[in-house]
Each structure stands twice: as C-alpha cells, then as structure tokens.
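The block underneath contains the structure these notes are about, expressed in structure tokens.
The values are calculated or read from the model by the stated rules, or taken from the named source; none is laboratory data. Since the structure is predicted, the reported quantities are computational estimates derived from the model, not experimental observations. Here the Cβ positions follow ideal geometry from the backbone for every residue, glycine too, while neighbour counts run over all protein chains shown.
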Amino acid sequence: MAKKVAFMQGNEAAAHGALYAGCTFFGGYPITPSTEVAEVMSVELPKVGGKFIQMEDEIGAMASILGASLAGAKVLTSTSGPGLSLKQELIGYGCIAEIPCVVFNVMRGGPSTGMPTGPSQSDVMSAKWGTHGDHPAICLVPASVQETYEEVIRAFNLSEKYRTPVMVMPDEIVAHMRERIVFPEPGEIEVVPRKSPSVPPEQYKPYDTSFGDVPPLAAFGSGYKFHVTGLNKMQDGFPTTKAEIVQAEEERQVRKVDANVDDIVTFEEYMLDDAEVVVVAYGSTSRSARYAVNVAREQGIKAGMFRIKTFWPFPDKQIKALANRVKGIVIPEMNLGMCSLELERCAQGKVPVLGIFRVDGEPINPDQIVEKIKEVK
Amino acid sequence: MSRYELRFSGAGGQGLITAGIIMAKAASIYEGKQAVQSQSYGPEARGGASKSEVIISDGPIDYPKVTQCDALLAMTQEAANKYSHDLKEGGVLLIDSDLVTNIPAGNFKTVAFPIINTAKNDVGREIVANIVALGAMVALTGQVTRENAEKAVLSSVPEAFIELNRKAFSMGFDKALAARA
C-alpha cells in the first residue's frame, strides 16, 4: 500500500511526529513562529484521548508539561525565543528532577521580542546555557520538514531513554517552510517507552542508582508515592546538602549524556572524502551550504559539508578529526558567532574558522558561502 | 538539475502565500516533482509587504529561497519595483495592470491584465484574486499541467467555494494566455 503523503510546514510535521511518538499532553502558550504546532495539537490530541491546554503564560506551560510527565504522559510544549527565556527556570527543574519532556523552540530574531517573523539561529547557546547550573543538554536542529517530523520522534525517545528534557530547535525557515512529507507506518520508526519500576511501591526510590545512571520513573497515580524537588536530592527524592551525595548526583546527571555521546550525536557528511574546505552548517543554513558546496565543486574547489543534526552534545570528536585534515572551516549561521565558538574550541587553532554571521532576518545565501570558501588558502 | 524559481509578491492579505502553497502542492503532490514553498511577511495581519517563494525541481531542493527568479508575480507597485531586478533574463513578470502602472524595464517578458478586477467583475468575488493570479502563473510558467494545478486548487478550498475557485483559476489561466499573445 502506498504511504500517506502530505504537503506541510515544519511546525505541522513536528506536531504529527509528537503524536507518532505517543505524546498525549501538550501545554503551551502561542507565539510566532511556533503557533502552528499548538494549533495542530489542539485539533489532534483530543482525537487520541490526549489533553491540550493553553496555559496563562510560558512558565505555566512548562510547569504543566513537567506535571503531566510525572503523571506518566509523554509531553510536548512549543515556543520561540522570548518564551524559551521564560521557560528556562523550569527546564532546569526538569533537568535536576529528571523529568522526560520535549521542548520545541522555533528560532526567531532576538534578543527579547526581536523580530517575530524573522529567521534566526541565535538560541543554540540558550539550549545549553539558558538555565543555570551544571546539567545535561540535548538539542536537535532539523533542516527539512521530513527531518523535523523524525527528529521530534527521536527527541521523545532520547528524553525517555535518558530521563531528561530534550530540545528541538528549527529556525523559522524550516518551521514555516512547506515540503512533501512521507509518513512512516506504525512500527516503522522505533518509539522508546518509559522505563517503569520493577519493584513494589514500598521499595521504590525515584533516583535509585542501583538500576544504573537512568533510574526508572514511576507515574503519579499508579500507587507509587515519591518526593520531587528542585533542590539537590538523595535517591529517595528528598533534599540533601551532603557533599558526597550532591557531588555524585550532579556528576551522574551530566554523565547520562556525556557517557552516551555516540548514541545521541548525529550528523551528515557531504562530499567530505577529499575535502580541503569544510562548511559546517545546521538547520536551513545547511541547505544554502549544500548548494554552495556544489557550486564550489563545479569550479574545481574541493569543498564539503559537515551538517550538524545534534547541536548538543556537540560533535567534538568529529570536528577535531576534521580539523586535522582540512585547510579551513567555514561556518555560516544566523547569529553573531555561536557555533563558531564551539568550532574554534574543537579546532584548537589548527585551522582557521571563518564565519558568516547574519542577524538581519534574511537567510544566508549560497553566494556568500561560496565567497567565504574561496578565502580559505 | 532543473531548478525553477517563482515568487508571488504583493501586500499582506492578498492571499499570495496561499497561491504559492497551492502551486507548490500541485508540483509536489500531483505533478510528481519536488517543491519547496517558503514565505516572508511582516508582523501585520494585513498590509505590509508579503512574499511567497516556490522552488520546483526534478530532484532534491537544497536552498529553499529564490536565487535568480524565473517567474515573478507582483500585485503592488512596490513589489514590482523591489523584486523585478533579480528576474532572470527571459523570465516572466506578471502584474496587475491596474495596480502596477509604472512597468519595470528589463530583459524579461511582461504580462499584464487586471487581476483583481477580473476576480471582482468576471468571477464575482474579489477574494479569489489570488486564484486568478495562480491560474495565470500556471499558464505562463508551464511547470505543472492545468489539470494538476486545478486539482491542487480544488483540494485546498472549502467545499462551498469549489465552483468559485474553479472559475477563478480558469479565468486567470485563459486571460494570461490571451494577454501574452
């Protein structure tokens, strides 16, 4: 049987991806350019017995999904820059209390209200450093409508597997762009269920590391009772300031991601085999980069592209390897040099990192990238 | 690789984004080609500049925006002035002859007819001016067949307005061919 196809926006695809992953709760507050996610969820969730709620603001929306997740639901919220800033306190809460959830943030011009309908890639640092304190960070940056659908499913899977908030951050171009999408059949893409406790309620501890770095999470209302707090906690969930426990718990939370980088980090290599200049790109900018690499190749320049699909954790290992064999790295991004900093850190001065930074609400066009590729000597 | 670039430009509220979506849908879903539609607009609900861009290709499409435009629809003087400069040599410029009176010069073919007035007087409702324009763009660009484009139009509008849109599409298609001749 032919698969179901549609012509839709990245935002709409995100909502359908969430439904495929088993999302049954959405709490949000509308904001351009992410509102279509909420629109689709408000129509579709009731059909599958799920709940949609428009909260009084973004903080309330984030709180609602953390609560719903603790009650056993797979949960999603969607927002954009100013909303992301408001959600940050509770994203930190999700990290320390280890509550699976997916935050879909469409990047628009900033800071503050910025340019509501203009594209940007300036929230990628906020995905890791926006909430205070040491914490694990996972952030996916899709580049097409189909990929947005698939990466939202992967975000749900990672959030359940590692029991932590996961962000998906398309730029406004990917979120509002329309392309053909082919929907997978049920069962075609893996959907990871939440790990439930194997012990009876009286023996259950929500952060019991005898089950590994990612302890099972019971659902409130299923007979298991436990304490949840934003304070540093012990295995039973109650607060502690005991030095050795706090140190060990903090390290474990970060280790959940750090020790599993190879499982989480994804990327695409395009024409890299003999490349002397590598364009590192992500999101819609990678589409300009691919075009530019093709143009450069036609002109006899050995250019290639490394496309970042997982922004956090950053693909350190891959970039370090590239820096050892190319003559230069070009990084086009719709901010004033965020990924660029990470590339410089990984390149360790071995090769130049040349940036093209644009924050005027216009996309980076292929010509700009071709010109920069030619600057690498 | 073939790459055909269209831009629908004018003012917010003229339905240009919808026209672009239907063109792309016709190519992508009904014609079996690949297509990407994107847009840019201001924060206003109506008024302000608005544009919708469609890239059509036989193969995968990387850059989703216009690099050198093959066909441009301009529904305001401002849009005609602003966007005609990156029209390809031999490209097509379609304008509403009542709204764009200062016709930009260049090495492209200009086709003009009163798009909004066609919708208002010949079809009967001004609101379908975007579908009149779409019919014209389909006729002038030849990227999708008349039949596939009509299918895309009819699958994109509410049941009660199917006849109205069918008429608007046909009217635009025929008037554009007559105006070009």
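Points worth noting:
- For the residues B:Asn130, B:Asn121, B:Asn165, B:Asn148, the requirement of being farther than 19 Å from B:Gly15 by Cα and in a helix (DSSP H, G or I) singles out B:Asn148.
- Qualifying residue in region A:287-305 (condition: at pLDDT 95 or above, more than 13 Å from chain B (Cβ to nearest Cβ), in contact with a Ser or Thr (Cβ under 7 Å, 6 or more places away or on another chain) and surrounded by 17 or more Cβ atoms within 10 Å (Cβ to Cβ)): no
- When region A:36-51 is filtered for residues that are closer than 19 Å to A:Ala175 by Cβ and surrounded by fewer than 21 Cβ atoms within 10 Å (Cβ to Cβ), the ones remaining, listed by number, are A:Glu39, A:Ser42, A:Val43, A:Glu44.
- Residue in region A:358-376 that is within 30 Å of A:Asn157 (Cα to Cα), part of a helix (DSSP H, G or I) and of a type in the set (A, V, I, L, M, F, W, C) present: no
- Of the residues making up region A:17-34, those that are among the hydrophobic types (A, V, I, L, M, F, W, C) and under 18 Å from the mean Cα position of the chain (by Cα) are A:Ala18, A:Leu19, A:Ala21, A:Cys23, A:Phe26.
- Counted residues, region B:104-138 - those being surrounded by fewer than 23 Cβ atoms within 10 Å (Cβ to Cβ) and closer than 24 Å to B:Asp58 by Cβ: 2
- Count - residues of region A:5-48 that are within 24 Å of B:Ala35 (Cβ to Cβ), outside any helix (DSSP H, G or I) and of a type in the set (A, V, I, L, M): 3
- Enumeration of residues in region A:162-196 that are away from chain B (no Cβ under 14 Å) and crowded, with 20+ Cβ neighbours inside 10 Å: A:Tyr162, A:Arg163, A:Thr164, A:Pro165, A:Val166, A:Met167, A:Val168, A:Met169
- Considering region B:61-82, and only residues there that are surrounded by fewer than 24 Cβ atoms within 10 Å (Cβ to Cβ) and away from chain A (no Cβ under 12 Å), the residue that is nearest to B:Gly32 (Cα to Cα) turns out to be B:Asp70.
- Looking across region A:237-247, just one residue is surrounded by 12 or more Cβ atoms within 10 Å (Cβ to Cβ) and small (Gly, Ala, Ser), and that is A:Gly237.
- Any chance B:Thr101 is surrounded by fewer than 17 Cβ atoms within 10 Å (Cβ to Cβ), at the interface with chain A (Cβ under 10 Å from one of its Cβ atoms) and not charged (D, E, K, R): no
- Every condition in (1) more than 10 Å from chain A (Cβ to nearest Cβ); (2) under 14 Å from B:Gly142 (Cα atoms); (3) at pLDDT 95 or above holds for B:Ala19 except the one numbered (2).
- Output for region B:29-39, where each listed residue is in contact (Cβ under 8 Å) with a residue 12 or more places away in the chain and not basic (Lys, Arg): B:Ile29, B:Tyr30, B:Glu31, B:Gln34, B:Ala35, B:Val36, B:Gln37, B:Ser38, B:Gln39
- Residue check, A:Gly50 within 30 Å of A:Asp236 (Cα to Cα) and out of contact with any Pro (no Cβ under 8 Å at 6 or more places or on another chain): no
- A:Glu276 meets the conditions (1) more than 10 Å from every other protein chain (Cβ to nearest Cβ); (2) within 16 Å of A:Val141 (Cα to Cα); (3) touching a residue at least 60 places away in the same chain (Cβ under 8 Å) in every case but one. The failed one is (2).
- Residues within region A:1-16 that are within 12 Å of another protein chain (Cβ to nearest Cβ) and within 15 Å of the chain's Cα centre (by Cα), tallied: 1
- Every residue from region A:206-236 that is small (Gly, Ala, Ser), surrounded by fewer than 16 Cβ atoms within 10 Å (Cβ to Cβ) and without any contact (Cβ under 8 Å) to a residue 60 or more places away in the chain: A:Ser210, A:Gly212, A:Gly223
- In region A:17-35, of all residues being polar (S, T, N, Q) and within 14 Å of another protein chain (Cβ to nearest Cβ), the one that is surrounded by the fewest Cβ atoms within 10 Å (Cβ to Cβ) corresponds to A:Thr32.
- Filter pass, A:Ala71 being under 30 Å from A:Thr229 (Cα atoms) and crowded, with 22+ Cβ neighbours inside 10 Å: no
- Filter result for A:Tyr224 (in contact with a helix residue (DSSP H, G or I) (Cβ under 7 Å, 6 or more places away or on another chain), among the aromatic types (Phe, Trp, Tyr) and not assigned by TED's automatic domain parsing to the domain that holds A:Val280): yes
- Of residues in region A:81-105 being of a type in the set (A, V, I, L, M) and out of contact with any His (no Cβ under 8 Å at 6 or more places or on another chain), the one nearest to A:Pro216 (Cα to Cα): A:Ile99
For (1) at pLDDT below 95; (2) among the basic types (Lys, Arg); (3) under 19 Å from B:Glu53 (Cβ atoms), each residue gets a yes or a no:
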position	(1), (2), (3)
B:Thr76	no, no, yes
B:Ser84	yes, no, yes
B:Ile95	no, no, yes
B:Asn102	no, no, no
B:Ala105	yes, no, no
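- Failed item, numbered, when A:Cys101 is tested on (1) within 14 Å of chain B (Cβ to nearest Cβ); (2) in contact (Cβ under 8 Å) with a residue 40 or more places away in the chain: (1)
- Total residues in region B:30-60, condition within 9 Å of another protein chain (Cβ to nearest Cβ) and over 27 Å from A:Asn294 (Cα atoms): 3
- A Cβ distance below 6 Å, combined with a sequence gap of six or more or placement on separate chains, defines the contacts here; from region B:1-27, residues that are closer than 19 Å to B:Leu87 by Cβ and basic (Lys, Arg) reach residues that are modelled with pLDDT of 95 or more and assigned to a strand (DSSP E or B) in the pairs B:Arg3/B:Ser57; B:Arg7/B:Glu53; B:Arg7/B:Cys69; B:Arg7/B:Leu72.
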